[in-house]
Each structure stands twice: as C-alpha cells, then as structure tokens.
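The values are calculated or read from the model by the stated rules, or taken from the named source; none is laboratory data. Computed from a predicted structure; not experimentally measured. With ideal geometry, Cβ positions are generated from the backbone for all residues, glycine too; neighbour counts draw on all protein chains shown. Note: areas computed on protein heavy atoms with side chains; ligands, DNA, RNA excluded. Shrake-Rupley method; radii C 1.70, N 1.55, O 1.52, S 1.80 Å.
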Amino acid sequence: MRCEEFERIILSGGEITPDMRDHAQHCAACRALEENADVLSGARDMDRDVEVPASFCRGWRAQVRRDAAMRRPSLRERISDGLASLNRRMVLRGAAVAACALVLVGVGAQLGGRESVSDTYSAKARTANYALSSAGAAYGTSYDSAAMFAEEDSGETEARSLSDGAAQSERKIVRTAQMSVEVEDMDAAVAALQERVQALGGTVDSCEISGRRGEGRWASLTLSVPGGALDGFLSGAGALGTVTREASQTTDMTDTYYDNASRLESARAQKQRLDELYAQAQDMSDIIEITDAIYDLQWEIDTLTGANQRIDTRVALSQVSISLTEKASDAPEETPDLLTRVKESAQDGVEALADFLESLLLLIIWALPWLVLIAAVVAVIAGIRRVRRRR
Amino acid sequence: MESSLIAAAKGGDASAFETLMGAYERKVYALCLRMMGNPHDGEDCAQEAMLRIWQRLSQYRGDSAFSTWVYRVTASCCTDALRRRRPQSSLEAMQEDGFDARDDAPTPPEAHEARETQRAIAGALADVPADMRSVFLLRDVHGLSVEDTARALGISGGTVKSRLSRAREKLARSLRAQGFGPQNRDGR
Ligand SMILES: [Zn+2]
C-alpha cells in the first residue's frame, strides 16, 4: 500500500483495512495522519480562499516581458548565476572599469615604448587602487539605490493599475498604515487614540500595553479607521509625540473584486440551473451527483461572497497599527562604558576588514582572465619589438 | 498543449510563457504565501519565483512533470528568501504580526466553519520549521505524491515521510490547543 492511497481513504472517512493497519505500523507519516485526521482534514482546502494579489499577476508578466525584450542569454545567465547580490555586481562594475583601464595603460605603455618598467608598474598600481576605492563607494550606496528602485517600481505599478482599471465602475483601494510614536504619557496617549477612533466611527481592534510605569512602557494598538478619515487620523496620532516611523500601503483590489463578482454571478446562475434539475431528477444516482455539484457551487458562492465582503470591509476601514513607546521618566540615557565601546569598535573594524577582503578576493578572481589576456598582449608586443630591434 | 507552450517559452516567447504559467500562478503564490507567512513577503517571493522559472526554463528537461519542476524552483526561492530574511527585532515582529492579523480580522458573520479551520491551520503552520513546512504544504495542501515532493525539494522519500510525520503532529497539537477537533478526544 502507498501513502497516497492510505491518505485518500483516511481523508474520505473510509474504514481502516488490515492492509492499512500494516502500512501505518511502518509509516510514521501515515500514523500521524490517522491519529490527527479530525483536525488535519481541512488542510487540503487551506488555500481555497487565498486572494492572489492583482499586483502579482500583473507584476510577473511585466517583468517577464521586460526580461524577454532585453534578453542576451549567455551573458545574463552567467551574471545571474555567478553573482547573487547587488553588492557584488557593484564591485564587479568597478572592477570592469579598472580592468579596461589596465588593458589600455598596459598596451599604451608597451606601444609608447619609452616608459620604464617601474613607471608601468606604478600606473598599474594606481588603476588597481582606483578599482578598490570605486568598489568601496559602490558598497556604501548599493542599499540606497536598491530602495530607490523599489520605489520606482511601485510607482510604476500604481500608474499602470490606474490606467488599466479606468473602465471599471468603482475602485477598490485598500489602505493600511503603521506608525511608531514616542510619547511622554502613555495613558493619555492611548486614551486620546481610543477617543479619536471612536469619534471617527472606527474601532480599536486590539490594544496591548507592556512594561512598568516610569520605566518606559510599550503599547501596540490595532485600529480600524474609516478610509476617508485616515490621513487626518494619522496626522492627529503623529501629534501625540515624536513620530519615529511611519509607513502606509495602498493595495488595489479592484481586479480581484470584479473578477470574484463575475465568478459569483456565473456560480449563482449555474446553481439555479442545478436547482431546477434537482427538482426534476428521478434517478437516485442523478440526485446524488446533483447534490454534490450544488454543494460545491454553494461553497464557491460562500467563498466568493466572503472574499468580496472582506474586501469591502477593508476598503471602508483602513487598518492602522500604532506602537507607542513611553519616554522613561527617571532613567537618564546611559552612555556605554569604555570597555563596551572598545569592543564595539573592534568588532566594526573586523567586519570592515572582512568586507574589504571579500571585495579584494572577488576583484582578483574577476581580473584573472584579464591578466592572462594582458600578459598575452604584452608578450606579443615584446616579441614584435625584439624582432624589429634585431633587424 | 503544455509541452508546446513550454517549447515556445524556451524559445523566448513571453506570451507563451504567460499562458503556460497563468495556470500555475495561484499555486506559486499560495506556496510562497504560506512559506513566507505574510502577504508582502509572499508576493515578493512569488514574483521572484516566476522570473526564475522563466530564466531557467532551459534547464527543464522533462524528466519530471512540469508542475513538479515549477514547485521545485518555487520552493528553492522560498528557501533562499527565508535564508536572506534578516532577524527581526521584536518590535518589527509584533508589527508584522499586527499586519497579518489585520488581514484576517474583519470576519463576515456568515463565515464558513471550514474557513475558520483553514485560517487556523495557516496560523499554526507559521510555527512549524520551514523544512517541515515545505513538505507539509507540498504533500498535504498541494497534493503532490511522496516521490514528487522528494523531487521538488531535492530530498529523499524517507526524509519526506519523517518530516511530514513531525509536521502533521506539530500542527495537530497546535490546532487542538486552539480548540479545533472533537473536544477531550483522549478523555484527558
Ligand atoms: Zn505512509
């Protein structure tokens, strides 16, 4: 007996045969299923009401199209396979510039023929230095540029979705926000937030305060705020103290919503037809088959209805997470002692050295083929000159 | 049908690829969502998986079903993304929890009981270690066979079974703790 068969029988509520008992004795996985079938049987349907975000459906298609347009397979694959991170790509970009410079300097020196050996060396050393410093600079900025790209991307997606959905009647935009605020008085701040939310017709979904009074307490609130009042609410909440973090997201659920709606419509129509069939059915097996189909459709109708209701709720009420930290009243900020600071800076130094060595190693590996090439060019040129001189 | 789309997509035909993967996008997204544990990371990871499938399509030789290969690439994207994920500060973790809970919070009154169970499984699954979680998702949610799961994750069939048994036990324990299943089943 195979596990798949065992599972099928268990999950359909079938009788356990001696064959199955034998299998379960040797198979821990099936034993675990048999013992827990009552709670695990729902797993197979776990993803049935997962809403696939419209931004994902559009996003990967756009990305693939872009990639197809600028495809140069051999080079791109080598790069993407060999180099995982942006950092490394940046290092190599610096190295490529340096290698080109190296080739030019090397060739120029040889062709010029006047430069002494030591001059050539120092020129090489200078370009190598340049490579390292530009690699270092790339290190420093790579995170920023990644963040910049992310922003550009999301802007693009948003613009695209706005033009795409223009034909549809009502847009379903879900907005969420998170905020961290440092406040003087936790109790007053929490009370003010609660009051404001209620005045706006929203609700406090959860509120948790931890820590001891006077030692810097911490609170986390989850609130539902009517969509139209979100901006006003956020600026009001910000006025409670010092805002240390603020973020908000806009998700366009329009496509999902209307897609659900049209599926819902067709499911309802199908169910109506089946209801009529059911009323006329005579044959027992027909009745069973129709009942099953009706059950499935009803499930789908409920799922779709629920999904769209949830979207409606999320459009109407923005979810806001606010965390509050209370400034500790009597504990002055401690400066770390000398030992801690020494330890920290030593650690920083070691990390910086490791970063540097990594860049250096990558540079050397990258430059190796170039060096071979340069050596060959130099050898050829030297050969030519020797031949000329002999004549 | 599928094989001709695969061939066209291998040749660089993006629209063939879109048609081909349109049938899988839901599965890819759902797997990433459950592996990553929140919609934001799930979507990022799914996006990367789709791009990786496109870029590595030439490596698919037809030794396994295409769907198995799609799962394989997707699962490895999830593993990479989980490995990359930096350790979160507790503050961020709590905010992210809030972000998640929010997704589930406004429950329509006529919500299915089945849906409650699904949501509970999804929640409990987040606490199962990633290597067991991926086995459970492929076997018990996406319905892959033991062999295909092994192929998709690059592990042996025996490992699939042992991880699966631990995942099932962990999940069941956590679901019972939340009050699912017949009460006082063991009379304890
Ligand atoms: Zn088994």
ask   = Which of the peptides A:267-275, B:25-33 is most tightly packed, and how do the rest follow, going by the mean number of other Cβ atoms within 10 Å of each residue?
value = B:25-33, A:267-275
key: Set of lysines with alpha-carbon distance to A:Lys343 below 25 Å, sequence-local pairs under 8 removed   = none
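Provide the net charge surrounding A:Cys30, with neighbours chosen by a C-beta distance below 13 Å and charges set as Lys +1, Arg +1, Asp -1, Glu -1.
Values: positive: A:Arg2, A:Arg8, A:Arg21, A:Arg31, B:Arg139, B:Lys161, B:Arg168; negative: A:Glu4, A:Glu5, A:Glu7, A:Asp19, A:Asp22, A:Glu34, A:Glu35, B:Asp140, B:Glu169.
Here the count lands on -2.
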query = Considering every residue in B:9-15, what mean count of other chain Cβ atoms within 10 Å of its Cβ is obtained?
reply = 3
ask   = In segment B:127-188, carbon and sulfur make up what percent of the accessible area (probe 1.4 Å)?
value = 44
inquiry  = Under a crude label model (7 Å from the Cα following the beta-carbon direction), how far is A:His26 from A:Arg2 in nanometres?
reply    = 1.6
request  = Return, for the Cα atoms of segment B:1-87, the radius of gyration and Dmax in Å, separated by a comma.
outcome  = 13.0, 44
request  = Report A:Glu246's accessible area, 1.4 Å probe, all protein chains in place, as a number in Å² to the nearest 10.
outcome  = 110
task = Compute the separation of the alpha-carbon centres of segment A:24-54 and segment B:14-37 and state it in Å as a whole number.
result = 21
Exercise: per-residue mean of other protein chain Cβ atoms within 10 Å, B:50-62 = 3
Derived scalar couplings ³J(HN,Hα) [segment A:19-24; Karplus, 6.51 cos²θ - 1.76 cosθ + 1.60; whole Hz; x for Gly, Pro] = 4, 5, 4, 4, 5, 4
query = Which three lengths, in whole Å and largest first, does segment A:3-71 cover when its Cα atoms are put on their principal axes?
reply = 60, 27, 16
request  = Return the lysines within reach of B:Lys161: Cα separation strictly under 18 angstrom, same-chain partners fewer than 8 residues apart disregarded; answer none if there are no such residues.
outcome  = B:Lys170
key: For B:160-170, mean number of other protein chain Cβ atoms within 10 Å   = 5
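If r is the Cβ-Cβ distance from B:Glu116 to A:Leu368 and R0 is 41 Å, what FRET efficiency results, to the nearest 0.05? Write down the numbers at each step before the final one.
Working: r = 60 Å, r/R0 = 1.48.
It comes out at approximately 0.10.
Considering only protein heavy atoms and a 1.4 Å probe, what is the carbon-and-sulfur percentage of the accessible area of segment A:240-391?
58
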Calculated from backbone phi, Karplus (6.51, -1.76, 1.60) coupling profile of segment B:147-164 in Hz, x at Gly/Pro = 5, 5, 4, 4, 5, 5, 9, x, 10, 7, x, x, 5, 4, 5, 6, 5, 5
task = Would you mind pulling out the separation of the Cα centroids of segment A:336-391 and segment A:253-328, in Å?
result = 63
request  = Report ³J(HN,Hα) in whole Hz for each residue of segment B:129-136, in order, from the Karplus equation J = 6.51 cos²θ - 1.76 cosθ + 1.60 where θ = phi - 60°; Gly and Pro get x.
outcome  = x, 4, 6, 6, 4, 5, 5, 4
ask   = What residues qualify as long-range amide H neighbours of A:Ser318, i.e. H under 5 Å apart, gap of 5 or more or another chain, H built at 1.01 Å from N?
value = A:Val225, A:Gly227
message = With a 1.4 Å probe, what is the total accessible area buried between chains A and B, in Å² rounded to the nearest 100?
response = 5500
